[in-house]
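Engineer: Structure provided below as structure tokens; questions to follow.
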Amino acid sequence: MAKAAKIEVEDGNIVASLQGFFKALLEDGEINALLVPQHLPMKNTVMPTLVTDPEKLNGTDPLAPAFPLNAAKVVSKLTRKPVNGKVAVVLRPCEIRAFIELVKLKQGSMEEVVLVGVDCLGAYSNIHYSRFVGEDSADSTLSFCQNFLEGKGTAFEEFDVSSACKACEYPVPENADLLIGLLGVDINDHLLVKANTPKGTELLDSLGLPATGEPKERKKAIDDLVAERIKYRDQMFKETSEATSNLEKLNFYLADCVNCYNCRVACPVCYCRECVFVTDVFDHEPSQYLRWAEQKGIIKMPTDTVFYHLTRLAHISTACIGCGQCSNACPNNVPVMELFRTIASGTQKAFEYEPGRSLEDEPPLSVFREEEFSELTGGKD
């Protein structure tokens, strides 16, 4: 049975309580550095920070409904080669799942990392978070969490958390070494900390926190949230499938794409060092554009936008973890996440593969399975 303890909450301030917990992690000596979301001193926004001094954790806020980037890429950079120390990384569930995929693709390592996951209540887009947070970061986070856990929702003014968050059926980081739980927990009294692995158990033991059990309300709270998100997700799949059901509709769906490639850069599992779309392959001769225009009478510029997205879909749909950073990075609000999640759901179902679940699950197409897709191959003779 997983070991569980509690982070005691004083004065109802869960943000301050988490800051104290992370300070204890660094002061304990087992951890050399902590990668954690933190409000920047120069601007009221949240970014991953690598901290070695416990006194520099006063702006730590992993509960802030801000998600400027998927930090799996940052952890990948930190672990691609030995870091010569143990680093605890505080991530959302989708970030953990993305990092697991990157490790399987030889883009990172688990050797010197402790994964600390927090129940994810969702996040606003970058633009909307700036409006939401205003000038008071701590109070805005507390208000967001309290409203969510009291069933008041996450809508603020005329916007809400991102569609990716509304459609995410993995709000709990079950594959983290240490899980910090909010759902179904009396957050005015304590936060739940659960060790899911021997690495997590060893670290939790060293902190000396008071033991506890999982609240009986937690499972229902999680099940209800997942059911709500699956309902939203399935409706999103239905609408997106209809909106992209033929080439004409797909062209319309992607008409605002300007080939900025922000979605590729923001995607945590799009890991190629050199993308074919920034090579000479798509650096067409000027005369080629004229010939295409003469053939059809008109062509959209820039060209290759639909082909770009189809190529990305073919490349990473098995590994897409649905974090939504592709849409978050799009300057023209193309609903890229909706398209990629819809296609990825079919691809992953076909391969019976759940990205980011476990290091033991081998990525599709990386191994040969004789009886795979027997309905197409005819199976064994």
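Every number in this text was worked out from the coordinates using simple rules, so none of it is lab data. Source: prediction; values computed, not measured. When we count neighbours, we look across all protein chains shown, and the Cβ atoms used for this are built from the backbone with ideal geometry, even at glycine.
Engineer: Assign unit charges at the C-beta atoms only (+1 for Lys and Arg, -1 for Asp and Glu), then state the dipole size of the chain relative to its Cα centre in Debye, rounded to the nearest 20.
Structural biologist: Taking the Cα centre of the chain as origin, the dipole is about 660 debye.
Engineer: Explain nothing, just the number: relative contact order of the chain, from Cα pairs under 8 Å at least 6 residues apart, as a whole percent. The partial results should precede the final answer.
Structural biologist: Numbers: 604 pairs, mean separation 72.0, N = 381.
About 19 percent, as a whole number.
Engineer: From the helices alone, meaning DSSP H stretches of at least four residues, give me the mean residue ellipticity at 222 nm for the chain, per-run term -39500 (n - 2.57), in deg cm²/dmol to the nearest 500.
Structural biologist: -12000 deg cm²/dmol
Engineer: What ranking do TYR271, TYR129, TYR253 get, fewest neighbouring Cβ atoms within 10 angstrom at the top?
Structural biologist: TYR271, TYR253, TYR129
Engineer: Now for a different question. On alpha carbon coordinates alone, what is the Rg over Rh value for the chain, Rh being the Kirkwood radius? Spell out each step's value before the answer.
Structural biologist: On the way: Rg = 22.2 Å, Rh = 22.4 Å.
Result for the chain is an Rg/Rh of 0.99.
Engineer: Ok, one more. Once phi is turned into θ = phi - 60°, what whole-Hz ³J(HN,Hα) does the Karplus curve with 6.51, -1.76 and 1.60 give for every residue of segment 11-27, x standing for Gly and Pro?
Structural biologist: For segment 11-27, the Karplus curve yields 6, x, 9, 6, 5, 5, 5, 5, 4, x, 4, 5, 4, 5, 4, 6, 6 Hz.
Engineer: So, R0 is 25 Å and r is the distance between the beta-carbons of ASN147 and LYS231; what FRET efficiency does that work out to, to 0.05?
Structural biologist: Numbers: r = 20 Å, r/R0 = 0.82.
Once rounded, the FRET efficiency stands at 0.75.
Engineer: OK, next. Antiparallel as a % of all DSSP beta bridges within the chain, to the nearest 5?
Structural biologist: 60
Engineer: Then there's this: Grab the beta carbon distance between SER287 and VAL83, set R0 = 45 Å, and tell me the FRET efficiency rounded to 0.05.
Structural biologist: 0.35
Engineer: Between LYS249 and GLU8, what is the spin-label point distance in nm, taking each point 7 Å from the Cα along the Cα→C-beta axis?
Structural biologist: Here the answer is 5.8 nm between the modelled labels.
Engineer: From the phi angles alone, apply the Karplus equation (6.51, -1.76, 1.60; θ = phi - 60°) to segment 303-312 and give each ³J(HN,Hα) in whole Hz, x where the residue is Gly or Pro.
Structural biologist: 8, 6, 5, 5, 4, 4, 5, 5, 5, 5
Engineer: What spacing in nm lies between the two simple spin-label points modelled at GLU352 and GLU112, each 7 Å away from Cα in the Cβ direction?
Structural biologist: 3.9
Engineer: Checking the cross-link filter: which lysines have an alpha carbon closer than 24 Å to that of LYS86, excluding same-chain neighbours under 8 positions apart?
Structural biologist: Hits, sequence-local ones excluded: LYS3, LYS6, LYS23, LYS56, LYS73, LYS77, LYS104, LYS106, LYS194, LYS199.
Engineer: Find the eigenvalues of the gyration tensor of the Cα atoms of segment 140-299, then list the square roots of 5 times those eigenvalues as equivalent ellipsoid semi-axes, largest first, in whole angstrom.
Structural biologist: The answer is 46, 22, 14 Å, longest axis first.
Engineer: Now for a different question. Can you figure out the FRET efficiency of GLN295 with LYS238, using R₀ = 41 Å and their beta-carbon distance, to the nearest 0.05?
Structural biologist: Details: r = 36 Å, r/R0 = 0.89.
E(calc), rounded to 0.05, equals 0.65.
Engineer: OK, next. Which whole-percent values make up P(r) of segment 235-377 when all C-alpha to C-alpha distances are grouped in 5 Å steps starting at zero?
Structural biologist: Once binned at 5 Å, the Cα pair distances of segment 235-377 give 2, 8, 16, 19, 18, 15, 11, 7, 3, 1, 0.
Engineer: Sticking with this one: Take the Cα of GLU169, step 7 Å along the line toward its Cβ, and report every residue of segment 342-361 whose backbone nitrogen sits under 16 Å from that point.
Structural biologist: Residues 342-358 fall inside that zone.
Engineer: Could you list, by residue number, the cysteines of the chain that have no other cysteine's beta carbon within less than 4.7 Å of their beta carbon?
Structural biologist: Flagged as lacking a Cys partner: CYS120, CYS145, CYS165, CYS168, CYS257, CYS260, CYS272, CYS275, CYS320, CYS330.
Engineer: Could you derive backbone 3J(HN,Hα) for segment 182-196 from the dihedral phi with the Karplus parameters 6.51, -1.76 and 1.60 (θ = phi - 60°), listing whole Hz in sequence and x where the residue is Gly or Pro?
Structural biologist: 10, 5, x, 10, 6, 6, 6, 10, 6, 10, 8, 10, 10, 8, 9
Engineer: What ranking do MET236, MET47, MET301 get, fewest neighbouring Cβ atoms within 10 angstrom at the top?
Structural biologist: Least crowded to most crowded, the residues run MET301, MET47, MET236.
Engineer: If amide H atoms are built 1.01 Å from N in the plane of the peptide, which residues on other chains or at least 5 residues away come under 5 Å of the amide H of ALA319?
Structural biologist: none
Engineer: Ranked by Cβ crowding within 10 angstrom, fewest neighbours first, how are PHE159, PHE99 ordered?
Structural biologist: Numbers: PHE159 15, PHE99 30.
Going from sparsest to densest Cβ surroundings: PHE159, PHE99.
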